[in-house]
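Have a look at the structure below, then the notes.
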Amino acid sequence: MERTILIVDDDVHIVELLAELLESEGFAVRKAYDGSAALEEAELTPPDLVLSDVAMPKLNGIALARRLRDRGIPVVLLSAAVTDPRLPDVPFVAKPFDLDQILAIITQHLRR
């Protein structure tokens, strides 16, 4: 069964880069460009994992992560602006990120 990753970032280039990488690794990818749209998307059909930027319009990644975590959806946060989102059990990756690091974190979380 194909695992689904929801990518959330207001930077279209980052979303497309991550989508290409994850699709090449066999993941199904869904996309959202702000936190509110991501929350709606996750409520409609819960993904296996959400990969989200922190600084976004409408609903930031930290608030999104808290809401999704309450629903049992794992989240990995990315940011160039925030150095530590201080959310227990939510992995954080600083931008610019290493694609292999992203894949390793996603794989580790999906095994849980």
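Assorted remarks:
- Label point at Arg71 placed 7 Å out along Cα→Cβ; residues across the stretch 1-31 whose backbone nitrogen lies under 19 Å: 3-10, 28-31
- Between Thr107 and Glu16, full extension at 0.36 nm per residue minus the direct alpha carbon distance yields a gain of 30.8 nm.
- Backbone N within the stretch 88-112 under 12 Å of label point (7 Å from Glu25 Cα along the Cβ vector): 98-111
- The chain - percent relative contact order, Cα under 8 Å, separation 6 or more: 22
- Read-out percent of Cα pairs over 19 Å apart, derived from the coordinates shown; its label in (i) 52; (ii) 46; (iii) 35: (iii)
- Residue of Asp70, Asp34, Asp48 that the Gaussian network model of the chain assigns the largest fluctuation, springs spanning Cα pairs under 10 Å: Asp70
- Helical runs assigned H by DSSP (4 residues or longer) give the chain a calculated mean residue ellipticity at 222 nm of -12000 deg cm²/dmol, each run adding -39500 (n - 2.57) before division by the residue total.
- R0 of 22 Å, Cβ-Cβ distance Ala63-Val93: FRET efficiency to nearest 0.05: 0.75
- DSSP beta bridges fully contained in the stretch 4-110 are about 0 percent antiparallel.
FYI, it's all coordinate maths here, none of it is from the lab. All values derive from a computational prediction rather than experimental measurement. Glycine gets a Cβ as well: all are built from the backbone with ideal geometry, and neighbour counts include every protein chain shown.
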